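This report concerns only the one structure given below.
The values are calculated or read from the model by the stated rules, or taken from the named source; none is laboratory data. Source: prediction; values computed, not measured. Counting neighbours? That spans all protein chains shown, and the Cβs are built from the backbone with ideal geometry, glycine included. Accessible surface is based on the protein model in full, side chains and every heavy atom, while ligands, DNA and RNA are left aside. Shrake-Rupley method; radii C 1.70, N 1.55, O 1.52, S 1.80 Å.
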Amino acid sequence: MLKFLDHLEEWMIACLMGAATLITFVAVLHRYGSGIPALQPYLAHINLAWAQELTVYLFVWMAKFGAAYGVRTGIHVGVDVLINRLPDKTRGRFIVFGLLAGALFTGAVAVMGGDFVWNIAHTDQTSPDLEAPMWLVYLAIPAGSTLMCFRFLQVAWNFVKTGNLPKHDHGHVDGIEGDDTLDNLHPHDMHHGGRP
């Protein structure tokens, strides 16, 4: 089930990013094409005023689900230089505290966001250009925050069980070996004496 959720999350982010890029590209072509006299009669009747608004909404959804993806994969950068210098037991407690604090915060945002969406769904408020119900736009807040809360709990559970944290090597290049002792961007795993 978790593999399915992982793939769904990745596909959703990719599709949202691809759609936003494509819509922006078409809107720019339309704008500049409309200035060409030979193309103006063909493009004048096409209204793409909604493209910018839709792109903004797609990026909001992508950012919310991308943040959850970042928790799952360890992409978020944190300043953990002091935590990495603590003894293993103390470091472990700080890491679990930080993950649970993240879960609490995103859970609270999900609950309050859900309440906000519920209240706005009972109004007739629509977006200016798309005229889409605004609750659909704001649904990104509770949906993305719920997923992010789940990811914090998932990482915390995995850390308590195994002592491992998700790690994403920002500077990794295939075929080139690096110095792993220089990584102070993430808390280190517990099984390797404080080293990645």
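Data overview
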quantity	calculated
Length gained when the stretch residue 11-residue 118 is fully extended (0.36 nm per residue, less Cα-Cα span)	35.8 nm
Amide H contacts of residue 86 (H built 1.01 Å from N, under 5 Å, at least 5 apart or other chain)	none
Equivalent-ellipsoid semi-axes of segment 14-120, from the Cα gyration tensor, Å, largest first	46, 19, 8
Accessible surface of the chain, 1.4 Å probe, proportion on carbon and sulfur as whole %	69
Over the chain: helical MRE at 222 nm, DSSP H runs n ≥ 4 each giving -39500 (n - 2.57), nearest 500	-21500 deg cm²/dmol
Normalised per residue, the volume of the convex hull around the Cα set of segment 76-177 (Å³)	152
Radius of gyration and Dmax over the Cα atoms of the chain, both given in Å	22.0, 72
Solvent exposure of the chain as accessible area per residue, Å², 1.4 Å probe	65
When the convex hull of its Cα atoms is projected in every direction, mean area for segment 1-62 (nm²)	4.7
Under-5 Å amide H pairs with residue 126, H placed in peptide plane, nonlocal only	134
By average C-beta atoms within 10 angstrom, highest first, the peptides 69-80, 23-34	69-80, 23-34
Most mobile listed residue (158, 119, 84) in the chain, GNM with C-alpha springs under 10 Å	119
